[in-house]
1. Express the Stokes-Einstein translational diffusion coefficient of the range 62-155 in µm² s⁻¹, to the nearest whole number, given a Kirkwood radius over alpha-carbon pairs, 37 °C and a viscosity of 0.692 mPa s.
2. If each residue's Cβ is checked for other Cβ atoms within 10 Å, how do VAL155, VAL275, VAL359 rank with the fewest at the top?
3. Find, to one decimal place in angstroms, the Kirkwood hydrodynamic radius of the range 273-354, where the mean of 1/r is taken over every pair of different Cα atoms and then inverted.
4. In whole angstrom, and with the biggest value first, how far do the Cα coordinates of the chain range along each principal axis?
5. Could you tell me the relative contact order of the chain? Use alpha-carbon pairs under 8 Å, at least six residues apart, and round to a whole percent.
6. Given a cut-off of under 8 Å on Cα pairs at least six residues apart, what relative contact order in percent is computed for the range 251-351?
7. Taking 0.36 nm per intervening residue step and subtracting the Cα-Cα distance, what contour gain separates ARG377 from ARG72 on full extension?
Amino acid sequence: MIESLRTVSSLIISFFVLMAGFGLASYTIPLRALGEGWTATDIAQIGAVYSVGYTLASFITPRFIRATGHIRVFAANIAMMVVSILLCSLVQQVWAWMLFRGLYGFAIAGTYMIMESWLNEKSANEYRGFMFSVYMVTAMLGSIAGTYVAPLGDVMTPTLFIISAVILVSAVFPIALTGSSTPAAPTAVGFDLGSLLRRSPVAFIGTLLSGVIAGAWLNFSAVYARMSGLTETGGANLIAAVTVGSIIAQFPLGRVSDFVDRRLVMVVGCGIGIVAAVWLMLIDGSHEYQLYAAACMAGMAIFPIYSLNVAHANDMAEPGEYVKISSGITVLYGLGIIVGPLLGGQAIAFAGPSGLPAVIAVFFTIYALYAGYRIIRRPAAPRVVVPKA
């Protein structure tokens, strides 16, 4: 396990830097949109087009990877993200931001696909949950670092956009200069959702639902914080609290899922998410520290459940299929994050800030019920233990 971590150290460093730039952009974009006077529906539509770009990557990026290799496609995706962020700082029109964010969604999804297939190739089933916990904790730490840059600038000026672009482009260096072996070119491209559904129904449905939950949160967390009465720093604290919760829960949930039925861990995670979402519905910015505590609890479920789905789907993958599996996961997650912002925007427009956690609570409940049903329907797959050298 330690040797596997060493072989992906450059990947983990690049991912941390990438997520710092991503975290800053994710906080800055919706607040700038609010500052421009755009409505929750406008922001939801921008988020939905981002998600369309995210989903399209599943069809196109695997072919690029097979033709040119993981590292070249990684660098190209970083370039697309940088162009997108800088264009957002130059043009303030809703239709233009839809295009720019669609480009960004395409690039970030392709980057995730590269990283996850790379990580899966270096992981055995017996510690795949742990490896994906490292991956997700790295994402969370990077996002925290990026979010706390936001209060240092003004979202109504280009400064934060430029800083985000600089951070993103810096993520190229560790990967480009790595001496470690890169993954083999995929033997299968595209995706087979029918095969994924047969192999792991719970990962299929769970990935779709976790996309809805994450899409709603990521696109409207800053809006939720502002509408709840929090300051810029308070909003950063709220988002950081979700991230801290993810870090706290990621290793225990991931590692426990290596020893017990991963679906049972999904049910537990969803239960935590339901309680946290209901708590968020009942309070506002006048209960600032309760908001942080509830957000921390929500973070224990919102992001860790994604890595459980990925690990469960890849438990039965054959060598050379990891890009194909990752493509299918990306399609499903992308479909979820298309729906999530639209539902989150409508819920906030109808019910105010409490509408966002209400949407999250509903979809966690659906997820928990389905995972519980699958536990009853089919026994857990046996773990494949890799002999020690």
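1. Result for D is 214 µm²/s.
2. Ordered by Cβ neighbours within 10 Å, fewest first: VAL275, VAL155, VAL359.
3. So the Kirkwood estimate lands at 15.1 Å.
4. 58, 44, 34
5. 29 percent.
6. 25
7. 105.5 nm
Rule-based calculations on the coordinates, nothing more; no lab input. All values reported here derive from a predicted model rather than from experimental measurement. We place every Cβ from the backbone using ideal geometry, glycine too, and count neighbours over all the protein chains shown.
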